[in-house]
Amino acid sequence: MSERAGSVPAAYWELTKPRLSFLSVLTSLAGYFCSAPTQPTDAKVLVSLALGTALAAGGCGAVNMWWESDADAKMERTRNRPIPAGIIRPGAALLFGMLLLTAGVTLVWLGANPLAGALTAATAFSYLFLYTPLKTLTSWCTLVGSLPGAIPPIIGTAAKLGAIDRMGWLLFALLFFWQVPHFMALAVMCREDYARGGFKVATVDDPSGRSASVWALAFILPMIVVAGAIATNFFPSWTSPYVWVSFLAGAWFFKLTLEFALPQRRAAVAKPLFIASILYLPVVLLTLTLNRLF
């Protein structure tokens, strides 16, 4: 039995992929607060958005673990997950995930508005029925998988406004582009594991990691442009905290991505790049949100 999932309640918690679920909640709240920041906060909508997004994201995580349990059993980093470890039966995991997902979509739909609910459902559909099966078919799955990861901010915007404004679309673009260098660093770190699991990620098709570095560079550049577009559209003063934080964080992220492109540095810089990508998003989004509100 996995030490990380030493009890059944802990195993059910692990099924929800709590870190990814937290990211979905964080980005949906960023969309809510950064769009029309002078508009009063509706407590009912805000709670429905946060809780509904958490439930839906957790449900997606559980269904994904059910779907990929055979592959998880073959990979070093996932073999102790609740299903391959034998802690939770596959059917129970699927039922748990579907209940959470249904509850989450319903809560956002009824507690916020139908547009936000439909976007939540679209996130789940694209993650489970497009990205998940494509992972074993083509390395283009990474690009497809960036779509559900980028939708939560516009769920937040839609929950607040009943529509999607410029800020919402810019946040969508920021997350869409961010995910590719983030994942390519992981793909280099876990190449052998992905190969054992049968996943057709870029580094399995190209073990040298060259294609992964090209993908990372190709997507971090528009990510930086989008971060700059947020600054120029919403923060005309160069003294705004968001302007400096996004610039410095982006420069650090970009520097590591450039090093990642060097064959002799790629393996060594993959982990620092992955960590940088994890830190970049919450730091930039939190600064943006606070700067918009205050």
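When only Cα pairs below 8 angstrom with a gap of at least 6 residues are kept, the stretch 9-61 shows a relative contact order of 65 percent. Here the label points at ALA43 and ARG89, each 7 Å from Cα along the C-beta direction, are separated by 4.3 nm in the simple model.
Inverting the pair-averaged 1/r between distinct Cα atoms of the stretch 1-134 gives 15.4 Å as its Kirkwood hydrodynamic radius.
Counting only DSSP H runs of at least 4 residues, each contributing -39500 (n - 2.57), and dividing by the residue count of the chain, the helix-based mean residue ellipticity at 222 nm comes to -24500 deg cm²/dmol.
Restricted to Cα atoms, the stretch 38-91 shows a radius of gyration and a Dmax of 16.7, 51 angstrom.
Taking amide H atoms as placed 1.01 Å from N in the peptide plane, the amide H of THR138 lies under 5 Å from those of LYS200, each 5 or more residues away in sequence or on another chain. Annotation: per residue accessible area for the chain equals 45 Å², rounded to a whole number [probe 1.4 Å, protein chains only].
For the chain, complete DSSP H runs whose alpha carbons reach 20 Å or more along their own long axis and whose mean Kyte-Doolittle score is -0.5 or higher are 18-34, 43-67, 90-111, 166-189, 210-234, 241-260, 266-293. Counting only C-alpha contacts under 8 Å and six or more residues apart, can you give the relative contact order of the chain as a whole percent? Relative CO of the chain lands at 19 percent. The protection proxy used here, the mean number of other Cβ atoms lying within 10 Å of each residue, ranks peptides 89-96, 49-56 as follows, highest first: 49-56, 89-96.
May I ask for the longest run of the chain untouched by GluC sites (Glu not before Pro) that are loop-located per DSSP and have at most 14 neighbouring C-beta atoms (other than their own) within 10 Å? Here the longest segment lacking exposed loop sites spans 77-294. Rounded to the nearest whole angstrom, the semi-axes of the ellipsoid equivalent to the chain, taken from the Cα gyration tensor as √(5λ), stand at 30, 27, 15, largest first.
All Cα-Cα separations within the stretch 125-213 were binned at 5 Å from zero, giving a P(r) of 3, 15, 21, 20, 16, 11, 7, 5, 2, 0, each value a whole percent of the pairs. Here the chain has 69 percent of its accessible surface on carbon and sulfur atoms, given a 1.4 Å probe and all protein chains in place. Lys-Lys pairs in the chain that are eight or more residues apart or on separate chains and whose Cα atoms lie under 25 Å of each other come to 12. Could you tell me how far the Cα centroid of the stretch 197-224 sits from the Cα centroid of the stretch 13-70, in Å? Their Cα centres are 27 Å away from one another.
The values are calculated or read from the model by the stated rules, or taken from the named source; none is laboratory data. Everything numeric in this text was worked out from a predicted model, so none of it was measured. Don't worry about glycine lacking a Cβ; one is built from the backbone with ideal geometry, like all the others, and counts go over all protein chains shown. When the accessible area is computed, the model is the full protein with side chains, heavy atoms only, and any ligands, DNA or RNA have been set aside. Shrake-Rupley method; radii C 1.70, N 1.55, O 1.52, S 1.80 Å.
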